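Chemist: Structure provided below as structure tokens; questions to follow.
The values are calculated or read from the model by the stated rules, or taken from the named source; none is laboratory data. Nothing here was measured: the structure is a model prediction, and the numbers come from that model. Neighbour counts run over all protein chains shown; Cβ positions are idealised from the backbone, glycine included. Just the protein is used for accessible areas: all its heavy atoms, side chains included, with ligands, DNA and RNA removed. Shrake-Rupley method; radii C 1.70, N 1.55, O 1.52, S 1.80 Å.
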Amino acid sequence: MNHKRAIVIVLDSLGVGALPDAAAFGDEGSCTLGHIWERMPNLHIPHLRSLGIGRLMGKAEDALLPGAGYGKMSERSRGKDTTTGHWEMSGVILDKPFPTFPNGFPQDFMENFSARVGYPLLGNCVASGTEIIQRLGQEAVEKRALIVYTSADSVFQIAAHEGIVPPAKLYEICRTAREMLTGDLAVGRVIARPFVGEGAHFVRTANRHDFSLEPTGTTMLDAISAAGQKVLAVGKISDIFAGRGITDRFFTHGNNEGEERTLELMQRDFEGLLFVNLVDFDMLYGHRNDVRGYAEALNRFDAQLPSILARLQKDDLLLLTADHGCDPSTPSTDHSREYVPLLLLGDGVRDGASLGIFEGFDCVAATVCAALGIPPVGAGKDLLPLCTKR
């Protein structure tokens with residue numbers, strides 16, 4: 001059956017077990033949800049479990065809601081970052097990973113960039129964002145400088161004190177970096193990281209902004225909007241796709257605002273896709289190795305889930321998934337190469353449908369396009385024939 005609306009909610013970084021090639025990425029044994037579950041007896045996610053996430057963790061006794069189906073997906077692209085994961089679930093597989101810079105960016109580029117934007121630069125290393133502003137924040141204030149850093153992901157991150165470089169100016173600087181980072185330097189994302197504070201106490205603000213490359217192929221967002229349907233982007237979705245294929249964008253500051261905006265948009269009458277990213281799981285807890293915080297964030301989302309489910313209409317299809325892992329229990333503070341969940345709920349889905357394991361996040365694009373009656377993009381597998389009632 002065709003659906004009027006597809007609602008895709010990305011629980012950013014909620015991996016469910018290491019992929020077979022995880023060792024090549026330094027992630028052997030990672031399992032974001034599994035390790036949180038093992039270490040945090042206060043994890044209480046009955047509503048996610050009613051959609052099948054517990055069964056992905058071996059809890060076969062969990063009872064499921066009518067119309068719920070569950071499975072997990074492996075990533076075909078050679079990456080474990082936000083852009084790669086979201087592009088793949090939208091139908092674009094990357095033939096080669098985005099470039100990374102474990103030794104920092106080339107000196108000649110940094111000199112040219114500094115001259116272009118008119119600020120001195122500090123850092124140019126791999127670092128944790130919270131750590132580097134403590135280490136270099138005061139110097140950045142005194143020298144009126146930008147802090148440039150990267151990670152195991154393909155990112156060029158620029159931290160600046162809001163009292164020295166207001167966010168609007170920092171965004172302009174990031175757009176310049178995005179324009180300059182081409183060819184072998186074409187990182188997946190340039191990220192503005194504003195911070196405030198003084199002395200030894202600096203904290204990042206909620207004014208982060210990402211500047212991504214445009215997708216290298218046609219996405220489900222392109223196809224849906226071209227068909228005259230709505231593509232409503234909540235959180236950093238618009239950033240990830242460089243605004244392409246999106247009809248309405250709603251930037252948010254964290255999970256709470258993202259969940260509230262999702263509930264509000266679900267009450268609107270529209271035909272098409274509501275695409276949501278909830279970033280706090282990754283940004284605030286995964287990268288900071290905060291197992292307890294991650295568990296509490298999952299509890300908060302689970303408590304909101306009944307309100308989301310109550311707003312589903314008869315011809316809606318809900319998909320919950322993730323874009324990669326970020327196991328907070330490991331020494332690494334970077335993303336982890338993991339399977340991601342795919343939980344479906346909708347009228348016509350066979351009760352308790354076990355979908356198994358699928359190669360490629362692009363089955364999300366195939367399933368969403370099929371549900372909305374849109375010609376498919378990418379080479380993913382439409383899962384609806386596997387889980388719909390006969």
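Chemist: Among Met73, Met110, Met89, which one shows the biggest mean-square fluctuation in a GNM of the chain, springs joining Cα atoms closer than 10 Å?
Modeler: Met110
Chemist: What does the net charge come to around Ala168 if you take all other residues with beta carbon closer than 14 Å to its beta carbon, with K and R at +1 and D and E at -1? Don't skip to the answer; put the middle values down first.
Modeler: On the way: positive: Lys169, Arg175, Arg208; negative: Glu162, Glu172.
After counting each charged neighbour, the total is +1.
Chemist: A further question on this structure: Which whole-number value in Å³ per residue fits the convex hull of the alpha carbons of the range 266-305? It would help to have the intermediate numbers written out before the result.
Modeler: Working: hull volume 2.7 nm³, N = 40.
Each residue corresponds to 67 Å³ of Cα convex hull volume.
Chemist: Using just the alpha carbons, could you tell me how many Å³ per residue the convex hull of the range 187-232 encloses? Don't jump to the answer; show the numbers that get you there.
Modeler: On the way: hull volume 4.0 nm³, N = 46.
Spread over its residues, the Cα hull of the range 187-232 gives 87 Å³ apiece.
Chemist: Further, regarding this structure: Between His201 and Asn42, how high is the FRET efficiency from 1/(1 + (r/R0)^6) when r is the Cβ-Cβ distance and R₀ = 25 Å? Nearest 0.05.
Modeler: Details: r = 29 Å, r/R0 = 1.18.
My answer for the efficiency is 0.30.
Chemist: Rg and Dmax of the range 276-350 over Cα atoms: what are they, in angstrom?
Modeler: 14.5, 45
Chemist: Quickly work out the Ala23-to-Ser114 label distance, labels modelled 7 Å from Cα along the C-beta direction, and quote it in nm with one decimal.
Modeler: 4.3 nm
Chemist: Under 14 Å between C-alpha atoms is the cut-off here; go through the chain and count lysine pairs that meet it, provided they're at least eight residues apart or on different chains.
Modeler: On the way: Lys4/Lys230; Lys4/Lys314; Lys72/Lys381; Lys80/Lys96.
Eligible lysine pairs with Cα atoms under 14 Å apart amount to 4.
Chemist: Helix-only mean residue ellipticity at 222 nm, the chain, DSSP H runs n ≥ 4 weighted -39,500 (n - 2.57), per residue, nearest 500. What is it? Walk me through the intermediate numbers first.
Modeler: Working: 13 runs with 121 residues, N = 390.
Calculated at 222 nm, the ellipticity per residue is -9000 deg cm²/dmol.
Chemist: If you don't mind, there's one more thing I want to ask. Projected onto the charge dipole of the range 51-148 (+1 at Lys/Arg Cβ, -1 at Asp/Glu Cβ, origin at the Cα centre), which of Leu136, Cys125, Pro66 gives the Cα projection farthest towards the positive end?
Modeler: Most positive-ward Cα: Pro66.
Chemist: Helix 107-117 sits at what angle to the longest principal axis of the chain, using alpha carbons and giving 0 to 90 degrees rounded to 10?
Modeler: 90 degrees
Chemist: For the range 104-173, what mean projected area does the convex hull of the alpha carbons give, in nm²? All intermediate terms of the calculation are to be shown ahead of the outcome.
Modeler: Details: hull surface 17.8 nm².
Its average projected convex-hull area is 4.4 nm².
Chemist: Moving on. If you take the beta carbon distance between Lys143 and Arg78 as r and set R0 to 35 Å, what does 1/(1 + (r/R0)^6) give as a FRET efficiency, to the nearest 0.05?
Modeler: On the way: r = 38 Å, r/R0 = 1.10.
With R0 = 35 Å, the Cβ-Cβ based efficiency is 0.35.
Chemist: Obtain the nm distance between the two label points defined at Ala168 and Ala186 by a simple spin-label model: each point lies 7 Å from its Cα along the Cα-to-C-beta direction.
Modeler: 3.2 nm
Chemist: Can you give the Rg to Rh ratio of the chain, both from alpha-carbon atoms, with Rh computed by the Kirkwood formula? Could you put the intermediate results ahead of the total?
Modeler: On the way: Rg = 20.5 Å, Rh = 21.2 Å.
Taking Rh as the inverse mean 1/r over Cα pairs, Rg/Rh reads 0.97.
Chemist: Express the carbon and sulfur contribution to the solvent-accessible surface of the chain as a percent, rounded to the nearest whole number, probe 1.4 angstrom. Please report the intermediate quantities before stating the final value.
Modeler: Numbers: 7220 of 14680 Å².
C and S atoms contribute 49 percent here.
Chemist: Please work out the FRET efficiency for the pair Ser354 and Thr247, using the Cβ-Cβ distance as r and a Förster radius of 45 Å; give the result to the nearest 0.05. Walk me through the numbers on the way to the answer.
Modeler: Values: r = 35 Å, r/R0 = 0.77.
Plugging the Cβ-Cβ distance into 1/(1 + (r/R0)^6) gives 0.85.
Chemist: Compute the acute angle (0 to 90°) between the alpha-carbon long axis of helix 255-266 and the principal axis of greatest extent of the alpha-carbon atoms of the chain; round to the nearest 10°.
Modeler: Helix 255-266 sits roughly 50 degrees off the main axis of the chain.
Chemist: Stick to the Cα atoms of the range 118-255, pair each with every other, and give me the Kirkwood hydrodynamic radius in Å at one decimal. Don't jump to the answer; show the numbers that get you there.
Modeler: Working: mean 1/r = 0.0627 Å⁻¹.
Radius from the Kirkwood sum: 15.9 Å.
Chemist: When the Cα atoms of the range 1-157 are enclosed in a convex hull and the volume is divided per residue, what value in Å³ results?
Modeler: Working: hull volume 31.3 nm³, N = 157.
Taking only Cα atoms, the range 1-157 has a hull volume of 199 Å³ per residue.
Chemist: Something else: What does the net charge come to around Val291 if you take all other residues with beta carbon closer than 13 Å to its beta carbon, with K and R at +1 and D and E at -1?
Modeler: Working: positive: Arg39, Arg288, Arg292; negative: Glu38, Asp290, Glu296, Asp327.
The answer is -1.
Chemist: The range 304-390: Rg/Rh from Cα coordinates, Kirkwood Rh? Mind showing how you got there, number by number?
Modeler: Numbers: Rg = 15.0 Å, Rh = 14.7 Å.
Expressed as Rg/Rh, it is 1.02.
Chemist: Let me ask something else. Expressed as an acute angle from 0 to 90° and rounded to the nearest 10, what is the orientation of the C-alpha long axis of helix 363-372 relative to the principal long axis of the chain?
Modeler: Taking the Cα atoms of the chain, the angle to 363-372 is about 60 degrees.
Chemist: What full-extension length gain, to one decimal in nm, is calculated for Thr176 and Val126 as 0.36 nm per residue of separation minus the Cα-Cα distance?
Modeler: Length difference between fully extended and current span is 15.9 nm.
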